[in-house]
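For reference, the structure discussed in these notes is given below.
Each value in this text was obtained by applying a stated rule to the coordinates, not by laboratory testing. Fair warning: this is a prediction, and the values are worked out from it, not measured in the lab. Cβ coordinates were reconstructed from backbone atoms using ideal geometry, including for glycine residues, and neighbour counts include every protein chain displayed.
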Amino acid sequence: MSSLSSKYSNPQERRRKLRERYFIAIGGLLLGISFPPFPFPFTLLIFIALIPYISVMEKREKLHEISKGVYFYAFIFNLITLYWVGSWQAKADPFLMISGVVLVFFNPLLFLIPSTLFYIARKSFNNRIALILFPFFWIFYEYVYMITDASFPWLTLGNGLSKFTTFIQAADIVGALGLSFVIVCINLFLYKYLQNRVSNNKRSVQFLITALTVFLIILIYGLIRLNTFELSDKKVKVGIVQPNVDPWEKWGRTDRITLVKTYLDLSQKTVDEGAKLIIWPETALPVYLYSGSYRKMTDTIHSFLEKNNVYLLTGMPHINYYEGKVKKPYDAKFNKYGNYYYATYNSVIMLAPDNTAIQFYGKSKLVPFGERVPFVDKLPFLGDWIKWGVGLTGWNVGQDTTIFKMKNGNDTLSLSGIVCYESIYPYYVDNFVEKGAQFIAVVTNDSWYGKLSGPYQHKDFSILRAIENRRSVVRSANGGVSAVIDPLGRVEVETDMLVKTSFNHDVILQDDSTIFTKYSMVVPTLAMFISLWTILFSVFKWLKNKLKV
């Protein structure tokens, strides 16, 4: 005990510890400001920001010491990039604020996964092999986080490059996680360069050259794609509506008839300029429009579409009823008073001008705690404990990736309509493109967060979905940011936040498939295999040593 206290009472040791903490904090800061909404030059910091993380892993011997340093690093990063989740506005729901605080403290724990796998690999093999495997461990963490019930993969490293348009063209081969792999590798090479430079090792320059070579290969590929990729001549004129309805009041005191008029007035402006398809944002109306109780509103909307010969794609709450022996979804809810099952969805529907049938898609990727309580299927009581004040935590999980169809002259146009948070999942969005979507529509409502970072990050992350699949992405957001992104990831038009507006744009319709769309699972599968193999080898080695004893 005395030796421990003397260790920390040593002024030189205290200064060393303090310098190390500053180094770790600076790393977290650099990674935080490399992400949107910070402008492009800051993006380049992502290629050096992981060096303190790697240094902590390699220099600290014990797992708990590594974990403390990594958590501190990740906490700084999360605080900068995710502070907005709590909303922090006068009308914000207290539960949303609590969730925001919890997320900032919980999310850094996930960053311990790659560092723990590194520690296991170092114990099982050696430091050199552990460093070689580390980029795969990072991808393992990012992918596993995407497929859990509590997933929130907002901070996938590849997302941080969304403003570096030239560099991220490689996403059409490797996707966002492949870009994460490249980022980790470049950081690793630069770390080894600095480490060897300090010790005057002549090999140091080899690591610098390797890092620059990887960077330049990706950059040159991007320049070639930007200058040679052939954009389709096929287009459709789309009207995007941004009504800027107060999200806190919409579910309570809003006059719904007035709200419909607002949408139709904004839509009329786009129709007058030739729009063939109108897109409204997520949960455009705060009612189950096709539940049978809102006939006047549905008639008004259908009359508008018929009169103007235009299609409508809109976010909308939707409810399905299941009585008797009708097949129902596994998570259907039971109404004991009416003796029937029902399911409610945060959905997208498409309405046509020539009939009253609806095409329907139910959101599958629900925001943890915001739209659905994680693990509520296994622990139903959690649904009673955790509820957001505006009543959005009870959605059912959609069961299919719907492709919407509409007539476009003599052709039939195919598109996907995905909802808000789903657009950050590369291995979900590609399913729609595989099924024939010619462009990707995203309906969203980011107004909960005002002009904080969240809405701008969300828009920028959609750039990667456009490049991965070489599809236009059209965003209709309640209060912004609404945008059109072309298949090369260039933002052609975007709105300001918190303004009421509508606009038209000729959206490019692309048909060809990318390598990523066809073989998207190559990178995560390889990372999963290597990481699980490392864990199993470590367990086998541990058991072997135990049996010897």
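Across the range 1-132, counting alpha-carbon atoms alone, Rg and Dmax equal 17.5, 54 Å. In this simple spin-label approximation, Phe334 and Ser303 carry label points 7 Å from Cα along the Cα→Cβ vector, and these lie 4.3 nm apart. Here the label points at Lys17 and Met97, each 7 Å from Cα along the C-beta direction, are separated by 3.5 nm in the simple model.
If you bin all the Cα-Cα distances of the range 157-281 at 10 Å, starting from zero, the percentages per bin are 11, 23, 18, 19, 15, 10, 5, 0. In this structure, the residue pairs whose Cα-Cα separation is over 27 Å, taken from Lys307/Lys328; Lys405/Lys459; Lys250/Lys325; Lys296/Lys500; Lys250/Lys451, are Lys307/Lys328; Lys250/Lys325.
Of all beta bridges that DSSP places with both ends in the chain, some 65 percent have antiparallel geometry.
So if I place +1 on the C-beta of Lys and Arg and -1 on the C-beta of Asp and Glu, and nothing else carries charge, what would the dipole magnitude of the chain be about its Cα centre? I want it in debye, nearest 20.
Values: 59 positive and 41 negative charges, 499 e Å.
My answer is approximately 2400 debye.
Placing a label point 7 Å from the Cα of Lys407 along the Cα-to-Cβ line, no residue of the range 227-259 has its backbone N under 11 Å from it. I need the shape label for the range 73-221. Rule: rounded when a/c is under 1.5, else prolate if a/b > b/c, else oblate, with a, b, c from the alpha carbon gyration tensor. Prolate, because a/c is 1.5 or more and a/b exceeds b/c. Farthest towards the positive end of the charge dipole of the chain, among the residues Met406, Tyr83, Gln510, is the Cα of Tyr83, using unit charges on the Cβ of Lys, Arg, Asp and Glu. The charge dipole of the range 151-238, taken about its Cα centre with unit charges on the Cβ atoms of Lys, Arg (+1), Asp and Glu (-1) only, comes to about 200 debye. The residue among Met521, Ser453, Leu464 whose Cα reaches farthest toward the positive pole of the charge dipole of the range 439-549, with charges on the beta-carbon of Lys, Arg, Asp and Glu, is Met521. Distance from a point 7 Å along Cα→Cβ of Thr525 to each backbone N in the range 170-209: keep the residues under 20 Å and list them by number. Answer for this model: 171-182. The alpha carbons of the chain occupy a box of 81, 59, 47 Å along the principal axes, longest dimension given first. One decimal place: the segment Glu61-Thr228 gains 55.1 nm when fully extended, by the rule 0.36 nm per residue minus the C-alpha distance. In this simple spin-label model, placing a label point 7 Å from the Cα along the Cα-to-Cβ direction at both Trp88 and Asp511 gives a separation of 5.0 nm. If only the Cβ of Lys and Arg carry +1 and only the Cβ of Asp and Glu carry -1, the dipole of the range 419-472 around its Cα centre is close to 140 debye.
Quick check: residue separation of Lys123 and Phe40 times 0.36 nm, minus the Cα distance between them. What number comes out in nm? Don't skip to the answer; put the middle values down first.
Details: separation 83, 0.36 × 83 = 29.88 nm, distance 3.95 nm.
The Lys123-Phe40 span can extend by a further 25.9 nm.
In plain terms, if you count all Cα to Cα distances in the range 427-471 and split them into 5 Å steps from zero, the share in each step is 5, 20, 27, 20, 14, 10, 4, 0 percent. Against the main long axis of the alpha-carbon atoms of the chain, helix 522-548 sits at an angle near 40°.
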